[in-house]
1. State the number of residues belonging to the range 243-265 that are part of a strand (DSSP E or B) and under 30 Å from residue 31 (Cα atoms).
2. What is the residue count in the range 115-129 for residues that are within 25 Å of residue 203 (Cβ to Cβ) and surrounded by fewer than 24 Cβ atoms within 10 Å (Cβ to Cβ)?
3. Kindly list, by first and then second residue, each pair from a residue in the range 308-326 that is farther than 17 Å from residue 91 by Cα and not assigned by TED's automatic domain parsing to the domain that holds residue 96 to a residue that is modelled with pLDDT under 90 and exposed (fewer than 12 other Cβ atoms within 10 Å of the Cβ), limited to pairs with Cβ atoms under 7 Å and residues at least 6 apart or on different chains.
4. Looking at the range 262-285, I want the residues that are farther than 15 Å from residue 121 by Cβ and have a partner that is assigned to a loop (DSSP other than H, G, I, E, B) with Cβ atoms under 7 Å, at least 6 apart or on another chain. Which pairs are those?
5. For the condition surrounded by fewer than 20 Cβ atoms within 10 Å (Cβ to Cβ), assigned by TED's automatic domain parsing to the domain that holds residue 44 and not in a strand (DSSP E or B), what is the one hit in 111, 97, 87?
6. Filter the range 29-59 for residues that are in contact with a strand residue (DSSP E or B) (Cβ under 6 Å, 6 or more places away or on another chain), closer than 14 Å to residue 12 by Cβ and assigned to a helix (DSSP H, G or I) and give the result.
7. Can you report the number of residues in the range 282-316 which are within 14 Å of residue 116 (Cα to Cα) and under 20 Å from the mean Cα position of the chain (by Cα)?
8. Could you check, for the range 117-130, whether at least one of its residues is farther than 22 Å from residue 30 by Cβ and assigned to a strand (DSSP E or B)?
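The values are calculated or read from the model by the stated rules, or taken from the named source; none is laboratory data. Since the structure is predicted, the reported quantities are computational estimates derived from the model, not experimental observations. Cβ: placed from backbone, ideal geometry, glycine included. Neighbour counts: every protein chain shown.
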């Protein structure tokens, strides 16, 4: 089965080809340079850029995969959540292509795509397991009880983890996206020199919170702490906070396998901290950690095998909880 996957949920245009569960092509047209001058994503500019590049990117993916469009078995695209203008570009393109070719269309939840990205190189792993999705727009912890059965254990109460990295980097005068910038600067600093507390200490649930940490970074800058020390402490606190919630969930549920996915999953300090917990950790290949089309195709391959369907009638949705059950 050949599946074309499309993701335009935010600022990157992603197109991927998957054959029988194996990623054949994964192309991403990044908009980082376009949005850098603004310190974050400008929705209108993102939508316009998606419109300009998506057709060429699909044609390139087909050429690299050595397949003609009529030979595709399935078209999939991100339905939501995301920036609605950006979502509509890839979603309507995917629908139109599926209709023109007479092929089934699958509407994929963006977070479900991230979950399946972490299984790209280990498809033999089966539920139950925990899934942490930490990115610029999402910080969610799910218990995946069976394929397609997701129980939300906790989510951020305010900023997403990646958003906190971006905003703190901006406060420190660093570039966008902030995650890699903070990680690089943190290597030069000493986290012990800056008194930032870990959020939600003493909680018994699985919520995340990063807004207060961002505010604490602003105050540390005002007090004159060294930027490298602030970056080191910020990263340490963010990593400890995420790890505490994940390990608490593992202890409470008895699950020892954890999928860690999304852009923040690439942070080396987070990976090292979680590995020290003794849990079995699964990370996506580097090219599948951030938003991409291949993860959407992977999710469609898995879900279509369980419940074959054609979803041309479903609208895109900026806000879309992941609560589908098998």
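1. 3
2. Total satisfying the criteria: 2.
3. Once the first residue is farther than 17 Å from residue 91 by Cα and not assigned by TED's automatic domain parsing to the domain that holds residue 96 and sits in the range 308-326, its partners that are modelled with pLDDT under 90 and exposed (fewer than 12 other Cβ atoms within 10 Å of the Cβ) give 326/306.
4. What qualifies is 262/135; 262/138; 263/135; 263/136; 263/290; 264/135; 271/283; 279/256.
5. After ruling out the rest, the residue left standing is 97.
6. Hits for the range 29-59 are 50, 53, 54, 57.
7. Summing the residues that are within 14 Å of residue 116 (Cα to Cα) and under 20 Å from the mean Cα position of the chain (by Cα) in the range 282-316 gives 22.
8. For the range 117-130, residues farther than 22 Å from residue 30 by Cβ and assigned to a strand (DSSP E or B): present.
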